[in-house]
1. Just the isolated ones, please: cysteines in the chain lacking another cysteine beta carbon under 4.7 angstrom.
2. Measure of size requested: the Rg and Dmax of the range 8-146, with Cα atoms as the atom set and Å as the unit; please supply both.
3. How large is the accessible surface per residue of the range 8-146, computed with a 1.4 Å probe and reported in Å² as a whole number?
4. Relative contact order (percent) for the range 8-146, with alpha-carbon contacts under 8 angstrom and 6 or more residues of separation?
5. Per DSSP H run of at least 4 residues, take -39500 (n - 2.57); add these up for the chain, divide by its residues and hand me the 222 nm value, nearest 500 deg cm²/dmol.
6. Heavy atoms only, probe 1.4 angstrom, no DNA, RNA or ligands counted: give me Lys99, Lys153 ranked by accessible area, highest first.
7. To the nearest Å, what is the center-to-center distance of the range 4-36 and the range 70-109, using C-alpha atoms only?
8. From the residues Ile65, Leu149, Cys32, which one has its Cα farthest along the dipole of the chain in the positive direction, the dipole being from +1 and -1 charges on Cβ of Lys/Arg and Asp/Glu about the Cα centre?
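The values are calculated or read from the model by the stated rules, or taken from the named source; none is laboratory data. Since this is a predicted model, take the numbers as computed values, not measurements. Methodologically, a virtual Cβ is constructed for each residue, glycine included, from the backbone with ideal geometry; neighbour enumeration extends over all protein chains shown. For the accessible areas, the whole protein counts, side chains as well, though only heavy atoms, and no ligand, DNA or RNA atoms are used. Shrake-Rupley method; radii C 1.70, N 1.55, O 1.52, S 1.80 Å.
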Amino acid sequence: MAASPASLAVMVADCTPVLLASPEGIIASVHCGWRGLVAGVIPAAVEVMRAQGARRIQSAVGPCIGSECYEFGEEDLERVEAAFGGNRPGVRAAAASGKPALDLRRAVGHLLAAEGVETVYRDGRCTACEASRYYSARARGEAERQAGLIWRKG
Ligand SMILES: [Zn+2]
């Protein structure tokens, strides 16, 4: 059966928009904030895609808040590290202020790689630093969101 056209969006402002696709036409969009990462949103999305027939999954990772701007409470940072089995992927960072920070970009990259997902595009820009280009909930308290989009032509 031929896949029908479909499009998916994920709305974010500092969290990471992750778009997944496979040559079989299976697509997904994933909202990757720290709570979702700890809850296993990336392995869950990959599992659903594989259950639908996806074999080789590729990802495009959009802009998110950079660690230099992402001060993070020690208790929550320890929760994230525990979910990753310690600080192996280097999710602990230092913000520009010198306070503890979370490297969300690195956490997402680690989880995608752990699932065997090839990242074909990664936007390294920081949503908090680039006020003229992106919305930031954390840095500027903005209610607006940017969208990550993926579509299948059918
Ligand atoms: Zn920044």
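1. That list is Cys15, Cys32, Cys64, Cys69.
2. Calculated on Cα positions, Rg and Dmax stand at 14.8, 46 Å.
3. Here the residues of the range 8-146 average 48 Å² of exposed surface.
4. 29 percent
5. Here the helix-only value at 222 nm equals -7500 deg cm²/dmol.
6. Sorted descending by solvent-accessible area, the residues read Lys153, Lys99.
7. Answer, in whole Å: 22.
8. Leu149
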